[in-house]
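Shown next, in structure tokens, is the structure this report addresses.
The values are calculated or read from the model by the stated rules, or taken from the named source; none is laboratory data. None of the values given here were measured: they were computed from a predicted structure. Because the Cβ atoms are built from the backbone with ideal geometry, glycine has one as well, and the counts that use them run over all protein chains shown. Remember, those area values only see protein heavy atoms, side chains included, never the ligands or the DNA or RNA. Shrake-Rupley method; radii C 1.70, N 1.55, O 1.52, S 1.80 Å.
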Amino acid sequence: MRPGSGATTTLLLAAALALAACDWMPGRPREQDRPRNPREITDFATLYANNCAGCHGSEGELGPAREFASPLFQAFLPDPALRNVIREGVPGTGMPAFAKAAGGSLMDPQVEALVSGMRRRWARPSRVDASVLPPYSEADAVAAGYALGDPGRGREAFQRACAGCHGADGNGGEEGGSVVAAAFLGLVSDQMLRTVVVCGRPDLGMPDWREPPPELRLSVQEVSDVVSWLASHRPPDLEPARGASE
Amino acid sequence: MDLRGIGEWFESRLQLGSLYRTTAGHPIPRNSASWWYVFGSATLVCFVLQIVTGICLALVYVPSADEAWTSLEFLNYQQSLGWFLRAVHFWGSNVMVALMTVHMIQVFLMGAHKYPRELTWVIGCVLFIATIGMAFTGQVMRFDQDAYWGLGIGVAIMARIPIVGTALVDLILAGPIIGAETLSRFFTLHVFVVPGLIIAFVTVHLRLVLKRGINEFPVRGKGVVPEEYDEEYAALIEKEGIPFFPDGVDKDIVFSAAVIVAILFCAAIFGPAGPNGEPDPTLIDTVPRPDFYFLSLFAVLALLPPQIETFVLVYVMPVAILLLFLIPFIAGKGAKHPADRPIAVLGVVLICTTISTLAWLGISSPWSPHMDAWSGEPTPVAYVEERSPLELQGAVLIQARQCRNCHALGGRGGQRGPALDDVATRLTADQLTRQILQGGGNMPAYGKHLSPDETTALVAFLRTMRPIGVPGAR
């Protein structure tokens, strides 16, 4: 053996090893960092964080818009309505349409992923007695044999169940702000009001319809009545924002 | 025939000995074999590295709009060490641009552009532009979101050139828009045309270096007098010249080796760039960012008001480039040592600070809106609690009307406009209404796009934006 050939072999070996080691180097792109087309994401957590968290809160509560984390709300809102709201939004309100077909950015499988993901994350059917739940929309209530909402009866029910917090005429009280301000009513749908009356805003301290003591509690009919009384405060020239189920 | 005989047989035909004496063996001033003079050779070494890695990449890369992206994905994730090859090519290009810039600054500071090396400088400027062209065309060949938008911006600049603008765009894109043939055009430029130009001009550049000699290390108080210079230089070489190879080359070799190691290191640790998202003109909510050499240009584009932008791009930039070429004709003689040329040094410092500040702005790019803040950045919980139903609707609208894309709340969101966390301490309800309806100062006017109720709700919410106990502006 020539002197020095040992060193050459060592060097060559080292080089080969270094090259092989490269495949474990931190610079190597990992499969999970691979860029994905935003339209192919169907993972609920990502979809929710990118599209809904802004208004509905990162944990489905304490956002400026509807709380999702309450099991009562999850039981109250039927799948078709949920799907429809995501796809089409609620025209005239801050809830945008998300379906690609309606000008949004989500494909159908993504909408489905949101629907099933929301249920998985927040629905707790065992904790809600669905048999005493008011129908989702006023139209559903009418179909189930209840009368249309009546503002007169609604005013009385409001005095009983809500005035303690929102003031006798709804203009705001100790615990809650005005719910009859024209600008507020101009920005929300009747369905949103109905959902609030039934499910409350537990995250903000607004009780749901079952919480008050029995003598103050609303009946299923009175839910529609209170909403119609609230809606009657919209200035006459203002078209009500269309509800989600219409 | 023994070995020596074979050697002589070849030598008598190829005559490499004389080639050596006139090239690598040419004498250089002893004091020029300095650490200051290593950047040019290192740039050349980078170029060779780029050619080698580039050829390997070209074996896999498919220059067609539908397949380019996929072939890079293949290199990244399937081909063994393919990612490393891409990474070396990417970091090599970054380092080459950086070294070339340092080389240029060093040449200028040492007065090496002065008589008799004016042409060397001019050719160097051509090489500078060609290299930037390589960087740009290379970035486009990545053909991902960033590339697509980078090209879009580049083309938009070009389209503004009077008279020939549209024709130029057509020439480069093979049509008015970025289409199927655009990429093959860029491939041709990146792989044949520009490298060919670089090789040709490097040859001339090197010939000039050989013929006119390497600049002697400048001496304080001693300037160039063209009539006397040639004689002085010849005398210097006579007295203390050493052959570039093998005597003067050691520092170049050490430095170039260090550069290669640094490139390999960066490639292994930081990996290749992209390709990020597939190019898709209908995905508008991306925030493209160019490679670093274009960051400052990107910043200029974003910062300038549109009226001045065209003027700067179409007139100021070409004039600046022309000035770069003309430097040796403007200041071709006189003092060489930087200490004798305060204005030149100041100019370099000024230009470097401007460009790096702009590049830094380009990195943080506070002006580009955060396109998905409105649906993805939650309203801070503290701004939701204790708010009335109307104020809550205002908070919804801050999101729904995408104010959040330009305005941060709780530190999250766009930075284009001021953060709104304590806006109520600055503005009254009337002032808020006016700002929202009439916009102003880079904020769009929302007058036509908001209903009176929406404005009322927004103002009601914004009026709550002040620290507890601090009164609102009156």
Practice task
Only residues in segment A:109-136 that are open to solvent by 20 Å² or more (accessible area, probe 1.4 Å) count as the first member; pair them with residues that are of a type in the set (Ser, Thr, Tyr), Cβ under 6 angstrom, at least 6 apart or cross-chain, and list the lot.
Solution key: A:PRO109/A:THR42
Fill in the blank from the handout: When every residue in segment B:440-460 that is loosely packed, with under 14 Cβ neighbours inside 10 Å and away from every other protein chain (no Cβ under 14 Å) is compared, the one nearest to B:CYS403 (Cα to Cα) is B:PRO444
Problem - Which listed residue, of B:GLN415, B:GLN435, is open to solvent by 10 Å² or more (accessible area, probe 1.4 Å), modelled with pLDDT of 90 or more, on the phi < 0 side of the Ramachandran plot and not assigned by TED's automatic domain parsing to the domain that holds B:ALA302 - result: B:GLN435
Exercise for the section: Mind listing whichever residues of segment B:3-42 are in contact (Cβ under 8 Å) with a residue 24 or more places away in the chain and among the small types (Gly, Ala, Ser)? Expected result: B:ALA24, B:GLY25, B:SER32, B:ALA33, B:SER34, B:GLY40, B:SER41, B:ALA42
Exercise for the section: Go through the residues of segment A:151-165 one by one and say whether even a single one is within 14 Å of chain B (Cβ to nearest Cβ) and part of a loop (DSSP other than H, G, I, E, B). Expected result: yes
Exercise for the section: Identify the single condition in (1) modelled with pLDDT of 75 or more; (2) not in a helix (DSSP H, G or I) that B:PRO290 does not satisfy, given that it satisfies every other one. Expected result: (1)
Exercise for the section: Would you please name the residue that is nearest to B:CYS403 (Cα to Cα), looking only at residues in segment A:86-117 that are of a type in the set (Val, Ile, Thr) and more than 14 Å from chain B (Cβ to nearest Cβ)? Expected result: A:VAL111
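This table checks each residue for (1) under 21 Å from A:ARG124 (Cβ atoms); (2) within 14 Å of chain B (Cβ to nearest Cβ); (3) buried (at least 19 other Cβ atoms within 10 Å of the Cβ); (4) under 12 Å from the mean Cα position of the chain (by Cα).
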{"site": "A:ARG36", "(1), (2), (3), (4)": "no, yes, no, no"}
{"site": "A:GLY63", "(1), (2), (3), (4)": "yes, yes, yes, yes"}
{"site": "A:ALA69", "(1), (2), (3), (4)": "yes, yes, no, yes"}
{"site": "A:PRO80", "(1), (2), (3), (4)": "yes, no, no, no"}
Fill in the blank from the handout: For segment B:66-96 the number of residues that are at the interface with another protein chain (Cβ under 10 Å from one of its Cβ atoms) and among the hydroxyl-bearing types (Ser, Thr, Tyr) is 2
Handout entry: Filter result for B:GLN145 (within 14 Å of chain A (Cβ to nearest Cβ) and either under 29 Å from B:ALA174 (Cα atoms) or open to solvent by less than 30 Å² (accessible area, probe 1.4 Å) (or both))
Key = yes
Handout entry: Of residues in segment A:137-150 being part of a loop (DSSP other than H, G, I, E, B) and free of Cβ contacts under 8 Å to residues at least 24 places away in the same chain, the one nearest to A:VAL85 (Cα to Cα)
Key = A:ALA144
Problem - Evaluation of B:ILE28 against (1) open to solvent by 40 Å² or more (accessible area, probe 1.4 Å); (2) outside the structural domain of B:GLY248 (by TED's automatic domain parsing) (one fails), failing number - result: (1)
Completion exercise
Going through segment B:372-398 in order, the residues found to be within 12 Å of B:LEU462 (Cα to Cα), of a type in the set (Gly, Ala, Ser) and facing chain A (nearest Cβ under 7 Å) are B:ALA395
